[in-house]
Amino acid sequence: MTVLSATHPSGRALFLGALAAACRPRKRLTVSQWADAHRVLTTEASSEAGPWRTARVPFAREPMECLSVESPVASVSLMKAAQITGTEIALNWIGYVMDHAPAPMLIVQPTLQVRERFVKQRLDPMLTRTPRLVSLFDAQAKRSALNSEEIKKYPGGLLILGGANSPASLSSMPVKYVVNDELDRFPWEVGEEGDPLELIRARQRTFPRRKELNISTPTVKGASRIEGLYLAGDQRRYHVPCPHCERLQALEWKNLRWTLDPATKEPTHVAYVCRHCGAEIEEHHK
């Protein structure tokens, strides 16, 4: 065995190299990079269980980039159709915050009953089956009495789970990050407390680098929370290329065409018509 002192040239080089490695800041990741590297989808949440792949849902990439710590964006609002990855974006962000950017975080569901289903069916499976989260969360959970359906404690932060119909779950503790899931199902008033969205935002005021994610399918035009937030933002829309002319377009319902069988009144042929070249985009092009 050979022992080198810190004053020996070789020993000094080894010591300085180890010190530099220990002091080197961890590489910053975006939410999508973290999810692609670590997130595992479960059978409870997806028909394609296994490693998360942003390439399968490319429209989810930009919202996740905006939720990353390096992005200056403070508010992301997704007005979307049902069952197209909105909650999965939120779960990826939750995992990212727990592992990569620890801070207090609040997740709000429309009611306490919906919160219970979210925890059991979506959150807990992610925490127990994503190895990166198991390694930092499970050991902490076993030691801490704070972990429950309402609070999940992890190194450097807390995940608080509330219901928009419960003022008690929306007040007191300050939080840096917020997810409002199915925002259009939130009540407009909660008892004498007022608008739950304002109660939620009041908890973030002490954090200059705060972020919020609002997710919902829209309900009544002109009386929709998510529509109002979408119109107040920069109104980005996801564009896809036509497989024939390759020009980009946002898909619109009016360009979906079909023919009906005269006898059964059932569709016999359905296609999307490109707004630029007029060619039909068939189901298999998806």
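Points to keep in mind about this one:
- Residues located in the range 71-101, provided they are out of contact with any Asp or Glu (no Cβ under 9 Å at 6 or more places or on another chain) and either among the hydroxyl-bearing types (Ser, Thr, Tyr) or outside any helix (DSSP H, G or I) (or both): Pro72, Leu78, Lys80, Ala81, Ala82, Gln83, Ile84, Thr85, Tyr96, Ala101
- Of the candidates Val114, Val178, the single residue that is farther than 19 Å from Val40 by Cα and open to solvent by 10 Å² or more (accessible area, probe 1.4 Å) is Val114.
- Strands (runs of 3 or more DSSP E) contained entirely in the range 191-286, each with at least 2 residues that are surrounded by 15 or more Cβ atoms within 10 Å (Cβ to Cβ) and in contact (Cβ under 8 Å) with a residue 12 or more places away in the chain: 211-216, 267-273
- Every condition in (1) surrounded by fewer than 22 Cβ atoms within 10 Å (Cβ to Cβ); (2) out of contact with any strand residue (DSSP E or B) (no Cβ under 8 Å at 6 or more places or on another chain); (3) modelled with pLDDT of 95 or more is met by Asn92 except one, and the failing one is (1).
- Across the range 57-70, the qualifying residues are those that are assigned to a loop (DSSP other than H, G, I, E, B) and open to solvent by less than 20 Å² (accessible area, probe 1.4 Å), and the one among them that is farthest from Ser135 (Cα to Cα) is Leu67.
- Unmet criterion (only one of (1) surrounded by fewer than 23 Cβ atoms within 10 Å (Cβ to Cβ); (2) in contact (Cβ under 8 Å) with a residue 40 or more places away in the chain; (3) not basic (Lys, Arg)) for Gln83: (2)
- Filter result for the condition that a residue is open to solvent by 60 Å² or more (accessible area, probe 1.4 Å), of a type in the set (Val, Ile, Thr) and free of Cβ contacts under 8 Å to residues at least 24 places away in the same chain, over Thr128, Thr54: Thr128
The values are calculated or read from the model by the stated rules, or taken from the named source; none is laboratory data. None of these values were measured; they are calculated from a predicted model. Quick reminder, even Gly has a Cβ in these numbers, built from the backbone with ideal geometry, and neighbours come from all protein chains shown. These area figures cover heavy atoms from the full protein model, side chains too; ligands, DNA and RNA do not enter into them. Shrake-Rupley method; radii C 1.70, N 1.55, O 1.52, S 1.80 Å.
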